[in-house]
1. 7 Å from Cα along Cα→Cβ at both residue 15 and residue 139: what's the point-to-point distance in nm?
2. So what are the three principal axis dimensions of region 1-71 from its Cα atoms, in whole Å, longest to shortest?
3. Taking the alpha-carbon centroid of each part, what is the distance from region 197-219 to region 57-96 in angstrom?
4. Which of the helices in the chain meet the span-like rule: DSSP H, Cα axial reach of 15 Å or more, Kyte-Doolittle mean at least 0.5?
5. With a 10 Å cut-off between alpha carbons and a GNM built on the chain, which of 172, 108, 71 moves the most?
6. If a/c stays under 1.5 just call it rounded; otherwise compare a/b with b/c (prolate if a/b is bigger, oblate if not). Do that for the chain, with a ≥ b ≥ c from the square roots of the Cα gyration tensor eigenvalues.
7. Using a 7 Å offset from the Cα along the Cα-to-Cβ direction at both residue 234 and residue 114, what is the distance between the two label points in nm, to one decimal?
8. Rounded, prolate or oblate, given the Cα gyration tensor of region 1-124, with a/c below 1.5 counting as rounded?
Amino acid sequence: MTSAQASPFLNTIRNAIRLRHYSIRTEKTYIDWAKRFILFHNKAHPNERGEKEVVAFLTHLAVDLNVAPSTQNQALNALSFMYKAVLDRPLNDLKGIVRAKRPPKLPTVLSSSEVRQILANLDGDHWLAACLLYGSGLRLMECMRLRIMNIDFEHKAIHVFHGKGGKDRVVTLADELFVPLQRHFESVRNTHEKDLADGYGEVYLPYALERKYPNVAAQWSWQYVFPAAHRSTDPRSGIVR
């Protein structure tokens with residue numbers, strides 16, 4: 001369902017999310033939880049429902065669907081946003097929620113030998129992205145959202161903007177990745193120049209920069225380090241990029 005086809009209420013939620021410059025993943029997630037909540041309560045408008053119905057829905061997720069705790073918390077965050085930012089009715093008393101059970105804690109840190117085995121079985125862009133994840137401590141989406149301008153060869157650094165929690169930080173760029181990254185940039189630049197010649201080659205810009213600086217979206221420095229393999233439609237604007 002596109003923005004134009006969505007219900008007026010869902011479009012109101014979408015507009016509230018974009019006003020706060022949340023990521024497109026957060027937008028899709030919050031909209032999906034809003035729809036699931038509405039369908040769970042027989043398509044009743046959320047304004048006609050309150051804390052009691054939110055508790056029932058979250059309990060349903062844990063008891064009937066056996067979701068992970070993180071999924072239940074994600075649903076709670078989405079519904080809390082909907083009631084506070086859209087309906088102007090912050091959720092208060094949510095007592096009685098049956099919490100999803102946490103699975104046994106498993107180790108999440110790979111040993112050096114395990115990392116070497118993984119990297120040895122990767123190549124191309126996947127190998128380069130994995131090296132950045134491991135060597136610079138990037139989160140997956142931070143890596144996927146890197147722009148050319150974020151790579152600072154002179155200072156051996158990577159500038160991460162609007163990471164988890166909306167925070168910025170600077171991480172180290174390993175010397176061993178200089179040459180692979182520069183070769184990768186050559187390939188990306190060739191693709192970018194071809195896209196420009198075909199009338200495309202623009203990227204999404206945050207915070208309405210596209211309206212303020214109309215030509216910036218096509219500039220090399222704003223391009224993604226790891227662009228998509230094929231042109232796609234921007235879900236925010238409907239523009240093919």
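1. Result for the modelled spin labels: 2.9 nm.
2. If we take the Cα atoms of region 1-71, the spans are 33, 26, 21 Å.
3. 37
4. Working: long enough: 8-19 (16 Å, 0.24); 24-40 (24 Å, -0.16); 51-63 (18 Å, 0.91); 69-81 (18 Å, -0.30); 124-136 (18 Å, 0.54); 178-197 (28 Å, -0.82).
Qualifying helices, which must be both long enough and hydrophobic enough, are 51-63, 124-136.
5. Residue with maximal mean-square fluctuation among 172, 108, 71: 108.
6. Details: a/c = 2.54, a/b = 1.48, b/c = 1.72.
It is oblate, given that a/c is not under 1.5 and a/b is not larger than b/c.
7. Between residue 234 and residue 114, the label points sit 4.0 nm apart.
8. Details: a/c = 2.67, a/b = 1.56, b/c = 1.71.
It comes out oblate by the Cα gyration axes.
No lab work stands behind these numbers, since they all come straight from the coordinates. These numbers were taken from a predicted model, which means no experiment stands behind them. A quick note on method: Cβ atoms are made from the backbone with ideal geometry, for glycine too, and the neighbour counts reach across all protein chains shown.
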